[in-house]
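Engineer: For reference, the structure I am asking about is given below.
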Amino acid sequence: MFDDLSASFEDAIKGLRGENKISEENIGPALKQVRRALLEADVSLSVVKEFVAEVGQKAIGAEVVRGVKPGQKFVEVVKQELVEVMGGENAPLANVSEKPTVILMAGLQGAGKTTATAKLALHLKDQGRKALMVAADVYRPAAIEQLTTLGSQIDIDVFSLGSNLKPEQIAASGLEKARNEGFDTLLVDTAGRLQIDSEMMDEMVRIRSAVNPDEVLLVVDSMIGQEAAELTRAFHEKVGITGAVLTKLDGDSRGGAALSIKKISGKPIKFIGTGEKVEALEPFHPERMASRILG
Ligand code: GDP
């Protein structure tokens, strides 16, 4: 999987070629290359610094067995650390025994929340689960329509109460309906703003209190790159997230946002969006993303 490491990253190990161990003296240029590769992938600077420091420590301490070149060992340490930082394996979606499992979708406007809500509902349907989607974005009537249209496309029920009630009231009524009518999952689509603002956060907190979600998924447009760090920090501090959905990975972003999100919140990216179509959702795989980030 890492066979296609770019020339730029291969340079990282040049500083270690011919040497027989990884030491504080010879690791410098290699670490610089890792730093550059991560910055090119648009990982936030603070995350890059922390990551590089950790890789340095691990690599210097790493045992280089006979027959393995220190450069190879170094690349292995970098890969392992990337995969580990991003959560190791794919993290599944909550599925609680006391139904319904409640999933709150959060994020900025345009990130792909409404689309991701429908994608997740379809994904769950494919697994035999029965989701109810709640349209709680009361500021954009078009968002309610969008969810309704998507719902009829994939044959998933959508609950809405128009745009005159508070989102937390709509979400609470949706939860009641889900309980009464045997839906096993409730997906709440919420309103985003163009940027982080306290009104949005307060609203998310009220919705969270109203439905006590098992998952709060932050939907992040992968194209925002290093800005994902601040976004994640803000949402995680104020609302508390349990995971993320990274969207628009069909574009040319290198996926550095994935590293920032996980490192800052400690919460896993659970799914990635790979297109506008409602089928374009995949479970997140740290190994694949590590390759993409390294370029
Ligand atoms: P919201 O404001 O967060 O609810 O965002 P929307 O779900 O309305 O999505 C905003 C735009 O991004 C729409 O045009 C979507 O079709 C598009 N979109 C969402 N997810 C993806 C994705 O994974 N890939 C691509 N290419 N476009 C996406």
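The values are calculated or read from the model by the stated rules, or taken from the named source; none is laboratory data. None of the values given here were measured: they were computed from a predicted structure. Cβ: placed from backbone, ideal geometry, glycine included. Neighbour counts: every protein chain shown. Each accessible area value is taken on the protein alone, full model and side chains, heavy atoms only, with ligands, DNA and RNA left out. Shrake-Rupley method; radii C 1.70, N 1.55, O 1.52, S 1.80 Å.
Engineer: Go through the residues of the range 249-261 one by one and say whether even a single one is in contact with an Asp or Glu (Cβ under 6 Å, 6 or more places away or on another chain) and modelled with pLDDT of 95 or more.
Structural biologist: No, the conditions are met nowhere in the range 249-261.
Engineer: For the range 93-111, give me the residue count where each residue is within 13 Å of the ligand (Cβ to nearest atom) and surrounded by fewer than 24 Cβ atoms within 10 Å (Cβ to Cβ).
Structural biologist: Pass one, the range 93-111, residues within 13 Å of the ligand (Cβ to nearest atom): 105-111.
Retained after the next criterion (residues that are surrounded by fewer than 24 Cβ atoms within 10 Å (Cβ to Cβ)): 108-110.
Adding up the residues that qualify gives 3.
Engineer: Determine, yes or no, whether L186 is surrounded by fewer than 21 Cβ atoms within 10 Å (Cβ to Cβ), more than 15 Å from the ligand (Cβ to nearest atom) and of a type in the set (A, V, I, L, M). Full working, then the answer.
Structural biologist: Details: surrounded by fewer than 21 Cβ atoms within 10 Å (Cβ to Cβ): no; more than 15 Å from the ligand (Cβ to nearest atom): yes; of a type in the set (A, V, I, L, M): yes.
So L186 fails the test.
Engineer: Further question on the same structure: Does the range 245-260 include one or more residues that are in contact with a Leu (Cβ under 6 Å, 6 or more places away or on another chain), closer than 20 Å to D126 by Cβ and more than 14 Å from the ligand (Cβ to nearest atom)?
Structural biologist: The answer is no; no qualifying residue exists.
Engineer: Among the residues of the range 56-75, how many are assigned to a loop (DSSP other than H, G, I, E, B) and hydrophobic (A, V, I, L, M, F, W, C)? Walk me through it before giving the result.
Structural biologist: Start the filter on the range 56-75 by keeping residues that are assigned to a loop (DSSP other than H, G, I, E, B), which leaves 62-69.
Still in the running and hydrophobic (A, V, I, L, M, F, W, C): 62, 64-65, 68.
Final tally of qualifying residues: 4.
Engineer: A further question on this structure: Enumerate the strands (runs of 3 or more DSSP E) found wholly within the range 190-295, keeping only those where 2 or more residues are open to solvent by 40 Å² or more (accessible area, probe 1.4 Å). Even if it seems obvious, please write down each step before you answer.
Structural biologist: Details: elements: 215-221, 243-247, 269-273, 281-283.
Per the criteria, 281-283.
Engineer: Follow-up. Within the range 115-126, can you find the residues that are open to solvent by 10 Å² or more (accessible area, probe 1.4 Å) and in contact with a Leu (Cβ under 9 Å, 6 or more places away or on another chain)?
Structural biologist: Step one: filter the range 115-126 for residues open to solvent by 10 Å² or more (accessible area, probe 1.4 Å), giving 115, 119, 122-123, 125-126.
Matches in the range 115-126: T115, K119, L122, H123.
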